[in-house]
Amino acid sequence: MYDLVIVGLGPAGLTAGIYAGRRGLKTLLIGEVLGGQQSLAHVVENYPGIESITGRELSERMKRQCERFGCEIVLGKVASLELSGKTKKVVSDAGTFEAEAVILATGGRHRKLNVEGEDRFLGKGVSYCAACDGPLFRNKKVAVIGGSDSAVTTAVYLSEIASETYLIHRRDSLRAEESNQRKLRESDVKIIWNSVVQKILGSERLEGLELRNVKTGEISVLKVDGVFIEIGMVPTTELARAAGVKLREDGYIEVNEKMETSLEGVFAAGEVTGCVPQIVVAAGQGAVAATSAYLFLKGVYGKKADWGKKV
Ligand code: NAP
């Protein structure tokens with residue numbers, strides 16, 4: 001029996017672990033990928049106090065910090081959650097864990113384009129992770145789909161590996177941060193504006209993309225060896241929904257300022273709550289969720305004893 005089980009090993013979950021461990025809560029963290037989406041970042045340059053670090057190294061550091069404060073970390077896939085009673089159950093392929101409080105920090109996953117060939121060529125030219133698959137495209141031609149920070153940083157990163165890199169965006173302007181757009185301008189990435197991918201083409205492997213210009217309707221084929229789809233995230237809420245946690249209309253978990261969900265003793269943090277999807281924000285929410293869970297477990301939740309005060 002644990003005091004607290006945290007589902008998710010991204011920055012929200014790992015920070016919640018650090019805070020819970022420091023409060024002396026018997027805490028277990030479970031998730032499939034250490035660091036979650038953070039682990040895929042080629043470089044993180046906006047985490048305060050750290051000028052530049054890879055997502056993987058930042059995740060490793062957070063894990064070590066969690067363990068230093070006594071948390072157990074288990075890699076495993078959660079199959080179901082029982083959250084409505086006093087004792088919560090987290091059922092996974094690594095075992096069933098019971099606790100009096102749970103923090104859901106399940107993050108999000110990549111949005112799919114939903115076009116012909118996307119599933120067929122997954123791992124054969126279609127990728128959602130440049131940090132993982134980018135090196136496979138050395139001196140090859142690649143395209144990146146999207147117009148925000150993930151697409152722009154991915155295109156800049158790939159342009160240092162691939163022989164030619166295209167950025168394909170459905171509009172005529174980018175929504176990425178200016179600092180990322182500046183790096184893009186300084187790179188040799190070729191931008192194809194106002195265009196969407198209609199089909200991913202190939203026989204054994206991906207060989208090209210069928211594009212449609214949304215302004216002119218013109219159809220063209222771009223020959224590439226790989227495509228990186230970077231069109232945003234969707235929250236991972238299936239388990240929470242099935243366990244009766246209230247979701248917002250837009251699909252994210254509903255929380256209040258203490259990161260409480262609709263179920264007593266169940267908190268949520270990070271991208272699954274629809275916060276600004278930044279590591280520092282997810283980490284901040286994780287800290288709040290763990291502090292709230294601690295006060296809940298000590299029976300002073302909602303009373304005068306405030307966050308941060310030792311109970
Ligand atoms: P995002 O900001 O949600 O942007 C998704 C992009 O994909 C948009 O440009 C969107 O086009 C496009 N898109 C969405 N659906 C599409 C479809 N079906 N077909 C074609 N294009 C489609 O996603 P993100 O880039 O993953 O970023 C998520 C968050 O993380 C953002 O807040 C971002 O700032 C942050 N982030 C920051 C950094 C950094 O270096 N600071 C790095 C990565 C991510 P429209 O523009 O037309 O909507």
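For the chain, the cysteines with no partner cysteine C-beta closer than 4.7 Å are Cys275.
Viscosity 1.002 mPa s, temperature 20 °C: what is the translational diffusion coefficient of segment 1-42 from Stokes-Einstein with a Kirkwood Rh over Cα pairs, rounded to a whole number of µm²/s?
Numbers: Rh = 10.5 Å.
Reported coefficient: 204 µm²/s.
Cβ-Cβ distance of Ser163 and Asp93, R₀ of 30 Å, FRET efficiency by 1/(1 + (r/R0)^6): the value works out to about 0.15.
How much FRET efficiency would the formula 1/(1 + (r/R0)^6) give for Arg185 and Glu264, where r is the Cβ-Cβ distance and R0 is 51 Å, rounded to 0.05? It would help to have the intermediate numbers written out before the result.
Numbers: r = 51 Å, r/R0 = 1.01.
Result of the calculation: an efficiency of 0.50.
Listing Val245, Val272 from the residue with the fewest other Cβ atoms within 10 Å to the one with the most, what is the order? List each step's numbers first, then the result.
Values: Val245 23, Val272 30.
Listing Val245, Val272 from fewest to most nearby Cβ atoms yields Val245, Val272.
For the pair Trp193 and His42, label points projected 7 Å from Cα toward Cβ lie 2.4 nm apart.
The relative contact order of the chain comes to 21 percent, based on Cα pairs under 8 Å that sit 6 or more residues apart.
Residues in segment 65-80 carry Karplus couplings, in order, of 5, 4, 5, 4, 9, x, 6, 9, 10, 10, 8, x, 9, 7, 9, 7 Hz; the curve used is 6.51 cos²θ - 1.76 cosθ + 1.60 with θ = phi - 60°, and Gly or Pro positions show x. Principal semi-axes of the equivalent ellipsoid, √(5λ) from the alpha carbon gyration tensor of segment 133-228, are 20, 18, 9 Å from largest down. Think of it as helices only: each DSSP H run of n ≥ 4 in the chain is worth -39500 (n - 2.57), and spread over all residues that comes to -7000 deg cm²/dmol at 222 nm.
What is the distance in Å between the Cα centres of segment 51-101 and segment 181-206? If you average the Cα positions of each part, the centres end up 37 Å apart. Neighbour counts of other Cβ atoms within 10 Å put Ile30, Ile253 in the fewest-to-most order Ile30, Ile253. For segment 14-46 and segment 134-151, what is the separation of their Cα centres, given in Å? So the separation of the two Cα centres works out to 27 Å. Over segment 1-116, the ratio between the Cα radius of gyration and 2.2 N^0.38 Å evaluates to 1.12. Note: segment 60-157, Cα convex hull, 180 Å³ per residue.
Need one number: % antiparallel among DSSP beta bridges in the chain, to the nearest 5. Let's see the in-between values first.
Working: 28 of 60 bridges.
Here the antiparallel bridges make up roughly 45 percent for the chain.
Only Cα pairs under 8 Å and at least 6 apart count here; give the relative contact order of segment 161-256 as a rounded whole percent. Contact order relative to length: 17 percent.
Diagonalise the Cα gyration tensor of the chain and give the resulting equivalent ellipsoid semi-axes, square root of 5 times each eigenvalue, largest first, whole Å.
Semi-axes from the Cα gyration tensor: 40, 19, 17 Å.
The numbers here are math on the coordinates, done by the rules we state, and not lab data. Predicted, not measured: the structure shown is a model, and the values here were computed from it. Glycine gets a Cβ as well: all are built from the backbone with ideal geometry, and neighbour counts include every protein chain shown.
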